[in-house]
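Nothing in this text is a laboratory measurement; each read-out follows from the coordinates by a stated rule. Since the model is a prediction, treat every value here as computed from it, not as a measurement. Neighbour counts are summed over all protein chains in view; Cβ atoms, including those assigned to glycine, are modelled from backbone coordinates with ideal geometry.
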Amino acid sequence: MLTLAGPEPTADAAPAVAVRCSGIVKEFGAGETRVRVLHGIDLDIETGAMTYIVGPSGCGKTTLISVIAGILSAEAGEVEVFGQRLGVLSGGRLARFRAETIGFIFQQFNLLPALTAAENASVPLLVNGASESRASRRARDLLAAVGLEQHLDKFPAELSGGQQQRVAIARALVHEPRLVISDEPTASLDAHAGQGVMALLREHALSKDRAVIVVTHDNRIFHFADRIVRMSDGRIMGSELPPFTEAH
Ligand SMILES: Nc1ncnc2c1ncn2[C@@H]1O[C@H](COP(=O)(O)OP(=O)(O)OP(=O)(O)O)[C@@H](O)[C@H]1O
Ligand SMILES: [Mg+2]
């Protein structure tokens, strides 16, 4: 069992804030080519909700969610996920916290090429100690829920981009993580499949002790959002409630 640093959450009071970003600064490169990509981001993400992050290509969306997930570390500022400050966790403890708490859907899917769809989708459960039979059963159920029941035993190279994307979505949900972070989850999907996976993500978000963050340009799915945060040039410009009809 992972012991978390910081205050113990009380049993019956689910925190209203799932993610708190305070003053996040992120830079890439060295010397004269060093660039600041996030300019001091302050952002709270609520529980029980699906929060979208939108903004022009290159404005820092993937960088921000990578810092929130502990995949990238920031030059300055602090991220708290369900009250846990990521900065105080050492490598192994951070990896375990992430494995238990966060499901991340990468923009480029990041499936393991030597594993089948069902095996890929069961990895987070196996990492968290589930039996192979339970992991496999749950992975297959979720893959069926995203319309891949005919493709369970195929390898990523045998799947289309949209099919791979749905495997990545099943993998992110399989261990019922408290925080799901999804980078352009519908980029490779047609309208029907896109609505299906967003409905699944929304259902996941509705629980009071969970949250879902979605980065997207896809205005076909804006109506699923509870809140839309706009980014531009490494800064948060504001947030609003849907419906949100402007094209991005
Ligand atoms: N590893 C890296 N090294 C150097 N620069 C990087 C790196 N990753 C991202 N950047 C730069 O940081 C900026 C923000 O990139 P990021 O991937 O966060 O944008 P984005 O908003 O997700 O864009 P898109 O909508 O195209 O996915 C870009 O200018 C990009 O070139
Ligand atoms: Mg991106």
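Sort region 189-248 into rounded, prolate or oblate with this rule: let a ≥ b ≥ c be the square roots of the eigenvalues of the Cα gyration tensor; rounded if a/c is under 1.5, and if a/c is not under 1.5, prolate when a/b is larger than b/c, oblate otherwise.
Oblate, since a/c reaches 1.5 and b/c is not below a/b.
Compute a Gaussian network model of the chain, connecting alpha carbons closer than 10 Å, and tell me which residue from Ala114, Ala170, Ala99 fluctuates the most.
Evaluated over the chain, the most mobile residue of the options is Ala114.
Looking only at Ile213, Ile71, Ile228, which one moves most when the chain is put into a Gaussian network model with springs between Cα atoms under 10 Å?
The residue that fluctuates most here is Ile71.
Determine the relative contact order of the chain: mean sequence separation of Cα pairs under 8 Å and six or more apart, normalised by residue count, in whole percent.
27 percent
Using a Gaussian network for the chain with springs between C-alpha atoms less than 10 Å apart, which of these wobbles most: Asp141, Asp190, Asp44?
Answer for the Gaussian network model of the chain: Asp190.
Which percent, nearest 5, of DSSP beta bridges in the chain are antiparallel?
Within the chain, antiparallel bridges account for around 55 percent of the total.
How large is the dipole of the chain about the Cα centre if only Lys and Arg carry +1 and Asp and Glu carry -1, each at its Cβ, rounded to the nearest 20 debye?
Taking the Cα centre of the chain as origin, the dipole is about 280 debye.
Determine the calculated [θ] at 222 nm for the chain from helices alone, applying -39500 (n - 2.57) to every DSSP H run no shorter than 4 residues and normalising by the residue count; nearest 500 deg cm²/dmol.
-9000 deg cm²/dmol
For region 53-181, what class follows from the C-alpha gyration tensor (a ≥ b ≥ c being the square roots of its eigenvalues): rounded when a/c is under 1.5, otherwise prolate if a/b is larger than b/c, else oblate?
Judged from the Cα gyration tensor, region 53-181 comes out oblate (a/c at least 1.5, b/c at or above a/b).
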